[in-house]
Amino acid sequence: MKPSIPAKAQLKKVGLRVTPLRVALLDFFDKNSEPVDVHTCVSELTNQGLQFDLVTIYRNLEHFESKGLLKKIDVRDGKYYYETADTCSHLICEECGDVSHIHLEELEELTDQMTQKIAQSTHFKVKTPATDFFGTCEKCQE
């Protein structure tokens with residue numbers, strides 16, 4: 001796991017204006033190890049006493065994703081989750097929608113190798129590689 005860079009520094013590095021809402025939003029993601037949905041973000045920021053409208057949250061999430069600060073995960077049920085951008089993979093339950101990380105060194109090495117091969121053969125710069133596995137979680141198998 002990479003050391004956490006302060007939110008203000010992350011925003012400045014990618015050329016985004018530093019605002020209290022953006023700092024709070026990035027700090028929230030840095031403290032969460034699992035992907036979260038927009039509703040969870042809104043609840044957390046509201047609990048912190050911040051005032052905003054829903055459009056602003058969506059717009060900031062889009063900015064963060066386009067700048068490589070966050071990654072959007074599509075669980076194929078119309079609901080998106082967000083997390084800090086990294087190369088981890090996910091297990092996504094098609095029954096209950098649960099999203100969890102899977103950390104396997106071999107998978108991470110394979111993803112890195114594939115990313116390098118893609119870059120070499122296509123001259124495409126992969127910003128955020130993603131490997132997600134869809135299926136049924138242990139709870140839903142019972």
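Throughout, read-outs are computed from the coordinates displayed, never taken from laboratory work. As the structure is a prediction and not an experimental result, all values here were calculated from the model. All Cβ positions, glycine included, derive from the backbone under ideal geometry; neighbour counts span all protein chains shown.
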- Over the chain, what relative contact order in percent results from Cα pairs under 8 Å that are six or more residues apart? 20 percent
- Reachable aspartates and glutamates from Lys8, Cα under 13 Å, same-chain residues fewer than 8 places away excluded? Asp27, Asp30
- Item | Listed candidates (1) -0.25, -0.39, -1.30, -1.41; (2) -0.23, -0.35, -1.34, -1.61; (3) -0.23, -0.35, -1.26, -1.45 - label of the one calculated as log10 I(q)/I(0) by the Debye sum over Cα atoms at q = 0.08, 0.10, 0.20, 0.22 Å⁻¹ | (1)
- Message: Let me spell out the model: positive unit charges on the Cβ of Lys and Arg, negative unit charges on the Cβ of Asp and Glu, origin at the Cα centre of the chain. What dipole size does that give, in debye rounded to 20?
- Response: 1120 debye
- Query: Taking 0.36 nm per intervening residue step and subtracting the Cα-Cα distance, what contour gain separates Ser100 from Lys12 on full extension?
  - Reply: 28.7 nm
- Task: Kindly provide the helix-only [θ] at 222 nm of the chain, computed as the sum of -39,500 (n - 2.57) over DSSP H runs of four or more divided by all residues, to the nearest 500 deg cm²/dmol?
- Result: -13500 deg cm²/dmol
- Set of lysines with alpha-carbon distance to Lys13 below 18 Å, sequence-local pairs under 8 removed: Lys2, Lys67, Lys71, Lys127
- Message: Going by Cα centres, the stretch 69-119 and the stretch 1-56 are how many Å apart?
- Response: 20 Å
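For the chain, which DSSP H helices look membrane-span-like by this rule: Cα extent along the axis of 15 Å or more and mean Kyte-Doolittle of at least -0.5?
Passing helices, by number: 20-31, 54-66.
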- Please return the longest stretch of the chain lacking exposed loop sites, where trypsin sites (Lys or Arg not before Pro) count only if DSSP places them in a loop and at most 13 other Cβ atoms lie within 10 Å. 18-75
